[in-house]
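One structure below.
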Amino acid sequence: MSAQSYRQLVIDGLWNNNQAMVALLGLCPLLAVTNTAINGLGLGLATLLVLTLSNVTVSIIRNWVRPEVRLPVFVIVIASFVTAVELSMNAWFYELYKILGIFIPLIVTNCAIIGRAEAFASKNAISRSLVDGLAMGSGFTLALVTLGAMRELLGMGTLFSQANLMFGEAAGGLTISLGDDFKGMLLAILPPGAFLGLGFLIALKNLIDKRLSHSRKAATHQAAANTELATG
Amino acid sequence: MRFPLISSPHSERPNSVTQTMLWVILTLVPGSLAMTWYFGWGIPIHIALATLTAIASEGVVLKLRGRRMAPALNDLSAVVTALLFALAIPPLLPWWLTVLGTAFAIIVVKQLYGGIGYNPFNPAMAGYVLLLVSYPVEMTAWLPPEMLNHNPLDLEQTLAAIFGSTLPAGLSWDAITMATPLDQMRTQLDLNIMISEIRQSPLWGDFGGQGWEWVGNWFLLGGLVLLFKRIISWHIPLSMLGALLVFSMLFHFLDQEAYPFGLFHIFSGGTLLGAFFIATDPVTACTTKKGQLLFGASIGIITYVIRTWGGYPDAVAFAVLLMNMAAPTIDYYTQPRVFGHGERGND
């Protein structure tokens with residue numbers, strides 16, 4: 001396996017191999033908690049933290065763990081970090097902790113995390129695993145926040161409501177509202193809204209990819225034509 | 001002498017999508033006129049609005065998908081969807097909700113799955129359920145039927161109510177709207193009022209609510225024409241109405257004061273419209289005869305269960321969508337035996 005550049009790792013994590021929108025991993029928390037942007041951000045950051053820490057740890061111990069027992073070991077590593085994150089959120093972000101509820105301990109079962117441990121961290125050096133964990137986690141967080149913002153905007157007509165849960169009282173002013181006349185579409189907040197929203201998000205990503213590859217193809221064609229002109 | 005030989009089929013029936021859809025539209029006319037008579041100008045306004053939205057959305061999506069527009073727009077299926085949707089919503093619904101529901105029905109439920117013939121769910125009912133779940137207050141504010149309506153709105157006032165949310169001076173929304181008979185029955189039964197007491201109100205006719213049951217009759221008439229023209233088969237309507245009737249009569253005889261008479265369920269809400277026009281949608285219903293019987297009966301039973309114990313007063317739309325989901329599986333298990341192949345593997 002040829003080593004990818006750090007730049008490529010970051011682009012893969014954020015876009016090309018986005019765990020939520022391309023690999024479609026970790027959909028359970030993705031669909032369940034994204035009814036507001038702040039909830040999405042909270043769970044996204046918790047997942048990012050666990051993913052980075054577990055990637056680094058798995059990479060450190062990769063040469064001592066026998067392949068036969070690697071999966072249980074990965075699960076124990078991930079579970080320890082999730083427990084730590086859960087306890088810290090209980091201590092410092094209690095309100096958010098109550099809203100996210102069962103989905104924080106459920107980060108253990110997020111297949112995106114064990115997927116990265118198995119597919120990347122167990123085969124790569126520590127520094128590369130760290131970058132991969134950060135990039136993949138950020139990509140997942142980005143998808144959670146985008147979906148959460150979409151659903152919150154459609155369903156309640158606000159954006160970043162309850163920002164104070166995460167950033168303290170000073171952030172209460174971050175909340176953007178479309179005004180009281182906006183009648184929220186309740187369906188967007190309910191589970192069907194999550195599925196529809198994710199579907200549209202993936203469609204949008206595919207559309208952008210298609211446009212990009214079209215313009216890239218056009219650019220290479222243009223370049224080829226230019227060289228032909230120059231040589232001919 | 002030479003006799004021309006003509007191979008079978010010897011008698012043909014109009015079988016194009018356009019003609020089927022045209023017949024569905026024609027047979028919906030009596031019911032639509034009756035609804036206009038009882039509930040006022042809101043009905044034709046919403047029909048026009050929904051039809052325009054449906055055709056526009058269909059055109060836009062077809063263009064985006066790079067398909068030819070003419071065949072898909074000429075088959076009239078978008079018009080049927082719009083018509084069924086408009087007949088299901090309250091007459092004074094704000095205009096943007098009609099536009100939202102119809103556009104969702106055509107764009108997401110029909111075209112994103114591949115257009116006519118590919119959609120797993122009935123578009124009109126999915127659009128209706130989207131609105132019912134998202135905007136319950138607006139979607140349950142019905143008008144009283146013409147004979148009970150003390151403040152009927154004329155055309156201009158109806159337009160102002162739908163497009164501007166403004167009512168004539170001195171009237172409030174609470175004063176001119178009321179719950180549907182199904183809703184009233186359900187609310188009062190929940191308060192432990194006996195049915196004989198509930199039915200003292202002038203709201204009630206012979207079986208269902210005044211006006212409502214007559215609308216049902218006209219839909220029944222249109223449905224019978226469709227049956228007679230062999231555009232739909234009897235399996236789905238009969239099994240759906242039969243199952244609903246059997247179930248409701250069973251509970252009615254257990255406790256006559258707590259469970260309404262069976263015909264109340266037949267002539268209330270969307271039962272007759274649903275049985276003949278919505279559940280029979282050839283794309284989303286079962287195709288095998290045995291499957292159709294099971295499909296219809298399940299819709300009838302689910303409708304009764306949700307109406308009696310569920311969270312919503314009417315349930316035809318939910319029942320149809322739930323069974324749409326089950327239709328492929330039902331079809332899979334009810335495929336008729338191929339002639340010449342034994343059931344016990346002696347083929």
**Fill in**
Only unsatisfied item for residue B:218, checking (1) part of a helix (DSSP H, G or I); (2) over 22 Å from the mean Cα position of the chain (by Cα), is (2)
**Message:** Name the single residue that is least open to solvent (accessible area, probe 1.4 Å) among those in region B:92-120 being aromatic (Phe, Trp, Tyr) and within 11 Å of another protein chain (Cβ to nearest Cβ).
**Reply:** B:104
**Request:** State whether the residues of region B:185-194 include one that is open to solvent by less than 10 Å² (accessible area, probe 1.4 Å), touching a residue at least 40 places away in the same chain (Cβ under 8 Å) and either under 18 Å from residue B:29 (Cβ atoms) or outside the structural domain of residue B:148 (by TED's automatic domain parsing) (or both).
**Result:** yes
**Prompt:** How many of the residues in region B:66-86 are of a type in the set (S, T, N, Q) and surrounded by fewer than 20 Cβ atoms within 10 Å (Cβ to Cβ)?
**Reply:** 1
**Message:** Condition check: closer than 26 Å to residue B:178 by Cβ, modelled with pLDDT under 90 and open to solvent by less than 40 Å² (accessible area, probe 1.4 Å). Does residue B:248 satisfy that?
**Reply:** no
**Message:** Please count how many residues of region B:251-277 are surrounded by fewer than 19 Cβ atoms within 10 Å (Cβ to Cβ) and among the polar types (S, T, N, Q).
**Reply:** 1
**Asked** Quick one: would you say residue B:182 is closer than 15 Å to residue B:93 by Cβ and either assigned to a loop (DSSP other than H, G, I, E, B) or under 25 Å from the mean Cα position of the chain (by Cα) (or both)?
**Response** no
**Request:** Those residues that are surrounded by fewer than 20 Cβ atoms within 10 Å (Cβ to Cβ) and either in contact with a Phe, Trp or Tyr (Cβ under 9 Å, 6 or more places away or on another chain) or at pLDDT 90 or above (or both), I need them from region B:310-333; list them, please.
**Result:** B:310, B:312, B:322, B:325, B:326, B:328, B:329, B:331, B:332, B:333
**Conditions (1) modelled with pLDDT of 85 or more; (2) among the aromatic types (Phe, Trp, Tyr); (3) surrounded by 16 or more Cβ atoms within 10 Å (Cβ to Cβ): number failed by residue B:207** = (1)
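Within region B:28-42, restricting attention to residues that are assigned to a helix (DSSP H, G or I) and of a type in the set (A, V, I, L, M, F, W, C), which residue is surrounded by the fewest Cβ atoms within 10 Å (Cβ to Cβ)?
So the first thing to find is which residues in region B:28-42 are assigned to a helix (DSSP H, G or I), and the list is B:28-39, B:42.
Within this subset, residues satisfying the condition of being of a type in the set (A, V, I, L, M, F, W, C) are B:28-29, B:33-35, B:37, B:39.
Numbers: B:28: 25, B:29: 12, B:33: 14, B:34: 19, B:35: 26, B:37: 15, B:39: 22.
That would be B:29.
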**Prompt:** Looking at (1) open to solvent by 30 Å² or more (accessible area, probe 1.4 Å); (2) of a type in the set (Gly, Ala, Ser); (3) assigned to a helix (DSSP H, G or I), can you tell me which one residue A:13 breaks?
**Reply:** (1)
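Among the candidates B:6, B:25, B:55, B:45, which residue alone is modelled with pLDDT under 90 and either open to solvent by less than 30 Å² (accessible area, probe 1.4 Å) or out of contact with any Lys or Arg (no Cβ under 7 Å at 6 or more places or on another chain) (or both)? Show your work before the answer.
Numbers: B:25 fails: modelled with pLDDT under 90; B:55 fails: modelled with pLDDT under 90; B:45 fails: modelled with pLDDT under 90.
Just one listed residue meets the conditions, B:6.
Look at residue A:60 and say whether it is over 18 Å from the mean Cα position of the chain (by Cα) and in contact (Cβ under 8 Å) with a residue 12 or more places away in the chain. Explain how you work it out, then say what you get.
Working: over 18 Å from the mean Cα position of the chain (by Cα): yes; in contact (Cβ under 8 Å) with a residue 12 or more places away in the chain: yes.
So residue A:60 passes the test.
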**Prompt:** Counting only residues that are within 14 Å of another protein chain (Cβ to nearest Cβ), open to solvent by 10 Å² or more (accessible area, probe 1.4 Å) and assigned to a helix (DSSP H, G or I), how many does region B:121-165 have?
**Reply:** 9
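The values are calculated or read from the model by the stated rules, or taken from the named source; none is laboratory data. As the structure is a computational prediction, the values presented were derived from the model and not from experiment. Don't worry about glycine lacking a Cβ; one is built from the backbone with ideal geometry, like all the others, and counts go over all protein chains shown. Surface areas here come from the heavy atoms of the whole protein model, side chains and all, with no ligands, DNA or RNA. Shrake-Rupley method; radii C 1.70, N 1.55, O 1.52, S 1.80 Å.
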